[in-house]
Amino acid sequence: MTSATLVRIALQKSGRLHDKSIALLARCGLGFELRKDALLVPCSDFPLELMLVRDDDIPEYVRDGVCDLGIVGENVLQEKLLKFSGAPGVSTLRPLGFGGCRLAIAVPNDLPYAGLASLAGLRIATTYSGLVRQFLDRYQVRAEIIPLTGSVEIAPAIKIADAICDLVASGETLRSNGLRAVENILTSEAVLVRGATSNATHDATIARLLQRIDGVMKATQVKYIMMNAPRAALAQIKTILPGMESPSIIPLGDDGAHIAIHSVAREEIFWETMERLKAAGASSILVMPIEKIIE
Ligand code: PRT
Ligand code: ZN
């Protein structure tokens, strides 16, 4: 069971999600020192401890109350949930915007593919037997699943399968193995999860952590924009930046004809947007990242 006072969060010890999980918590203002091979790492200034484990174990640890929270790929979570019996015991609190990938069925480039019926009778190698079985059943495709634990992409070349189902990010692994994705089973990213048995006395700490995570996530989606412009151009500038929130308008000089505009912008600001602002009369346009926000 988790400690009475500290909220425990399970993170991947090493691998694709590790660095970004750690960076997110650091941006939340948590102070901690990662030591090699340490399983539990306390935070110095927040009632939280990190537990560093293999990603595959995180859903169980969270379900069983070993940890209150966890950061894990949705792909791993969904596969494990299919294997848990009874109530899932794990709920998703937030998608975290990193670790993006998709779980896809891929076939050799020279295998003709004309839709799901083409999968019938094939041997499909995968680490995600549960999700693949669920997908095939949903579309009533009869195919054989070959469970593998690693290097799934080489299965067709060594003739132990006809197709694979694996995670795809850039697509490079598929390309270099002469495979092409034909069906998407799941779109995934890292998620923050909480266990149903997590101690209610931890609610306040978890709410504080969530507020900080939300602040960090919002800050990455918004920018602070400042520019100078003729007052007469303000209406047009607002149409160029519809995501600009009630801007602060600061008069420049005595005649009131020129203003400085400062605002949070909710949409991405492309070079093209900057060029349109300049064409509308704006100058000294600055776009800056925001580190954190509490609303
Ligand atoms: O040791 P541990 O068990 O903790 O780690 P692991 O080796 O099981 O997992 P790891 O670190 O490889 O991945 C952790 C999580 O990162 C996954 O569960 C996903 O949620 C997420 N993720 C995001 C990915 C990828 N992108 C990804 N591209 N996980 C794996 N891949 C692999 C994929 O399996 C394939 O081999 O990368 C290859 C494809 O990448 P591209 O870019 O060539 O398409
Ligand atoms: Zn793993």
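The values are calculated or read from the model by the stated rules, or taken from the named source; none is laboratory data. Computed from a prediction, not measured in an experiment: that's the story for all the values here. Note: ideal-geometry Cβ built from the backbone for every residue, glycine included; neighbour counts use all protein chains shown.
Descriptive notes on the structure:
- In the condition set (1) within 16 Å of ligand 2 (Cβ to nearest atom); (2) part of a strand (DSSP E or B), G150 is compliant with all but (2).
Here is a yes/no grid of residues against (1) under 10 Å from P59 (Cα atoms); (2) aromatic (F, W, Y); (3) touching a residue at least 40 places away in the same chain (Cβ under 8 Å); (4) touching a strand residue (DSSP E or B) at 6+ places or on another chain (Cβ under 8 Å):
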position	(1), (2), (3), (4)
N75	no, no, yes, yes
L81	yes, no, no, yes
A87	no, no, yes, no
V107	no, no, yes, yes
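- Candidates A163, A200, A155 - the one that is closer than 29 Å to G97 by Cβ and of a type in the set (A, V, I, L, M, F, W, C): A200
- Qualifying residue in segment 221-236 (condition: part of a helix (DSSP H, G or I), touching a residue at least 12 places away in the same chain (Cβ under 8 Å), in contact with a helix residue (DSSP H, G or I) (Cβ under 8 Å, 6 or more places away or on another chain) and within 19 Å of L286 (Cβ to Cβ)): no
- Residue match in segment 192-201 (condition: assigned to a helix (DSSP H, G or I), more than 10 Å from ligand 1 (Cβ to nearest atom) and either out of contact with any Lys or Arg (no Cβ under 9 Å at 6 or more places or on another chain) or closer than 23 Å to A120 by Cβ (or both)): yes
- Within segment 52-70, the set of residues being more than 16 Å from ligand 2 (Cβ to nearest atom), surrounded by fewer than 17 Cβ atoms within 10 Å (Cβ to Cβ) and of a type outside the set (G, A, S) comprises D64 only.
- Answer residue from segment 92-112, given it is surrounded by 18 or more Cβ atoms within 10 Å (Cβ to Cβ) and either under 22 Å from M51 (Cβ atoms) or of a type outside the set (A, V, I, L, M, F, W, C) (or both) and is farthest from ligand 2 (Cβ to nearest atom) among those: L96
- Positions within segment 71-91 being surrounded by 15 or more Cβ atoms within 10 Å (Cβ to Cβ) and either among the β-branched types (V, I, T) or more than 12 Å from ligand 1 (Cβ to nearest atom) (or both), in sequence order: I71, V72, V76, L81, P88, G89, V90
- Selection of first residues in segment 6-19 that are over 28 Å from T201 (Cβ atoms) and more than 15 Å from ligand 2 (Cβ to nearest atom) and of second residues that are at pLDDT below 95 and part of a strand (DSSP E or B), restricted to Cβ pairs under 8 Å at least 6 apart or on distinct chains, gives an empty result.
- Members of segment 195-236 found to be at pLDDT below 95, basic (K, R) and touching a strand residue (DSSP E or B) at 6+ places or on another chain (Cβ under 8 Å), listed by number: K223
- For segment 35-51, a residue qualifies if it is hydrophobic (A, V, I, L, M, F, W, C), surrounded by fewer than 18 Cβ atoms within 10 Å (Cβ to Cβ) and either within 15 Å of ligand 1 (Cβ to nearest atom) or at pLDDT below 95 (or both), and the qualifying residues are A38, L39.
- Every pair of residues 6+ apart whose Cβ atoms lie under 6 Å, when the first sits in segment 126-150 and is touching a residue at least 24 places away in the same chain (Cβ under 8 Å) while the second is of a type in the set (S, T, Y) and surrounded by 15 or more Cβ atoms within 10 Å (Cβ to Cβ): V132/T126
- Matching option when the condition is touching a Gly at 6+ places or on another chain (Cβ under 9 Å), charged (D, E, K, R) and either within 12 Å of ligand 1 (Cβ to nearest atom) or more than 14 Å from E74 (Cβ to Cβ) (or both), among D162, D166: D162
- Matching residues in segment 74-108 - criterion: being assigned to a strand (DSSP E or B), over 14 Å from T127 (Cα atoms) and not basic (K, R): V90, S91, T92, L93, P95, C101, V107, P108
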